[in-house]
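Novice: I'd like to ask you about the structure that follows.
The numbers here are math on the coordinates, done by the rules we state, and not lab data. All of these numbers come straight from a predicted model, not from anything done at the bench. Methodologically, a virtual Cβ is constructed for each residue, glycine included, from the backbone with ideal geometry; neighbour enumeration extends over all protein chains shown.
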Amino acid sequence: GQQLNQSPQSMFIQEGEDVSMNCTSSSIFNTWLWYKQEPGEGPVLLIALYKAGELTSNGRLTAQFGITRKDSFLNISASIPSDVGIYFCAGAHIIQGAQKLVFGQGTRLTINP
Amino acid sequence: NAGVTQTPKFRVLKTGQSMTLLCAQDMNHEYMYWYRQDPGMGLRLIHYSVGEGTTAKGEVPDGYNVSRLKKQNFLLGLESAAPSQTSVYFCASSWGTGQYFGPGTRLTVT
């Protein structure tokens, strides 16, 4: 099946640092999504991107939909302890209105205070 | 609103046993999904539904069946559990932007 390559797999940073992670695919997607998952919980949607080249912000988070529609990145500025978690990218194909998501392997973010 | 709820939260099965996982959503969403998440991996789509009475296969459907008899409920069944089905199972629903996920069911098959 399709696979997304998400990197890095893990990050260890100091509080206040900026974070950058990205996702690449061999296939084109018409929607890119970024989720955050905390232990024992389901993923929570952070940002949704619908157009190639689109740059969208949600507070300290910024994500972009690559021009080729095969990649996306997520930046977190001025990290804080509550940013700890696993971040997943997901590419979506829309089938009869439903979103068939393909997820990356995740980036585990650890922050040293 | 409770959002998306899943029952049970934990379950241990023996190989060959059957069980049903229940997902319920109170957001009147048309679309519902079942995923599994294995250690160190992202979620993989098992089955999904585009509306009441409809189901469709996802990426990893083998060994699972689903039913959507009511719009608010989406059931995932394992007829004969295998150790390879040990995983965390997530249900989600959507209408438009993104998907809303439940808290997950941790299933262990021994």
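Novice: Given chain A, what percent of its DSSP beta bridges are antiparallel, to the nearest 5? Numbers along the way, then the final one.
Specialist: On the way: 40 of 45 bridges.
Of the beta bridges lying entirely in chain A, close to 90 percent run antiparallel.
Novice: Now for a different question. For chain B, what does the alpha-carbon gyration tensor say about shape, rounded, prolate or oblate, given a ≥ b ≥ c as the root eigenvalues, a/c under 1.5 as rounded, and a/b over b/c as prolate? Mind dumping the intermediate values first?
Specialist: Working: a/c = 1.70, a/b = 1.58, b/c = 1.07.
Prolate shape, in that a/c is at least 1.5 and a/b is the bigger ratio.
Novice: Please get the size of the charge dipole for the protein assembly as shown, origin at its Cα centre, with Cβ charges of +1 on Lys and Arg and -1 on Asp and Glu, quoted in debye to the nearest 20.
Specialist: Magnitude of the dipole: close to 500 debye.
Novice: Using the crude model of +1 on Lys and Arg Cβ and -1 on Asp and Glu Cβ, and no other charge, please compute the dipole size for the range B:1-52 relative to its Cα centre, in debye to 20. Walk me through the numbers before you get to the answer.
Specialist: Working: 5 positive and 4 negative charges, 77 e Å.
The dipole of the range B:1-52 has a size of about 360 debye.
Novice: Something else now. Can you tell me which of B:Val88, B:Val50, B:Val60 moves the most in a GNM of chain B? Springs connect C-alpha atoms under 10 Å apart.
Specialist: Taking springs between Cα atoms under 10 Å, the residue moving most is B:Val60.
Novice: Over what distance in Å are the Cα centres of the range B:1-48 and the range B:50-110 separated?
Specialist: With the range B:1-48 and the range B:50-110 each reduced to a Cα centre, they are spaced 5 Å.
Novice: What Rg and what Dmax come out for chain A when only alpha-carbon atoms are used, in angstroms?
Specialist: Cα only, chain A: 13.6, 46 Å (Rg, Dmax).
Novice: Let me ask another. Which whole-number percent is the relative contact order of the range A:5-112 (Cα, under 8 Å, 6+ apart)?
Specialist: Values: 268 pairs, mean separation 39.2, N = 108.
So the answer I get is 36 percent.
Novice: While we're looking at this one, here's another question. In debye, nearest 20: dipole of chain A around its Cα centre with unit charges on the Cβ of K, R (+) and D, E (-)? Before the final figure, lay out the partial values.
Specialist: Working: 7 positive and 8 negative charges, 90 e Å.
That gives chain A a dipole magnitude of about 440 debye.
Novice: Shifting gears a bit: How high is the relative contact order of chain B? Use alpha-carbon pairs under 8 Å, at least six apart in sequence, and give a whole percent. Walk me through the numbers on the way to the answer.
Specialist: Working: 286 pairs, mean separation 39.1, N = 110.
Relative contact order for chain B comes out at 36 percent.
Novice: Averaged across orientations, what area in nm² does the convex hull of the alpha carbons in the range B:50-97 project? Could the numbers behind the result be given before it?
Specialist: Working: hull surface 16.3 nm².
In nm², the orientation-averaged hull projection of the range B:50-97 is 4.1.
Novice: So which lysines pass the test for A:Lys51, namely a Cα distance under 19 Å, with those fewer than 8 places away in the same chain ruled out?
Specialist: A:Lys70, A:Lys100
Novice: Excluding A:Val44 itself, what net charge comes from residues whose Cβ is under 15 Å from its Cβ, given Lys and Arg +1 and Asp and Glu -1?
Specialist: Values: positive: A:Lys36; negative: A:Glu38, A:Glu41, A:Asp83.
In short, -2.
Novice: May I ask you to derive the FRET efficiency for B:Ser18 and A:Ile95 from their Cβ-Cβ distance with R0 = 25 Å, giving the value to the nearest 0.05? Display every interim value, and only then the final one.
Specialist: Details: r = 29 Å, r/R0 = 1.16.
With R0 = 25 Å, the Cβ-Cβ based efficiency is 0.30.
Novice: I need the Debye-formula profile for the protein assembly as shown: one equal scatterer per C-alpha, no solvent, reported as log10 I(q)/I(0) at q = 0.16 1/Å, two decimals.
Specialist: Per q value, in the given order, log10 I(q)/I(0) is -1.09.
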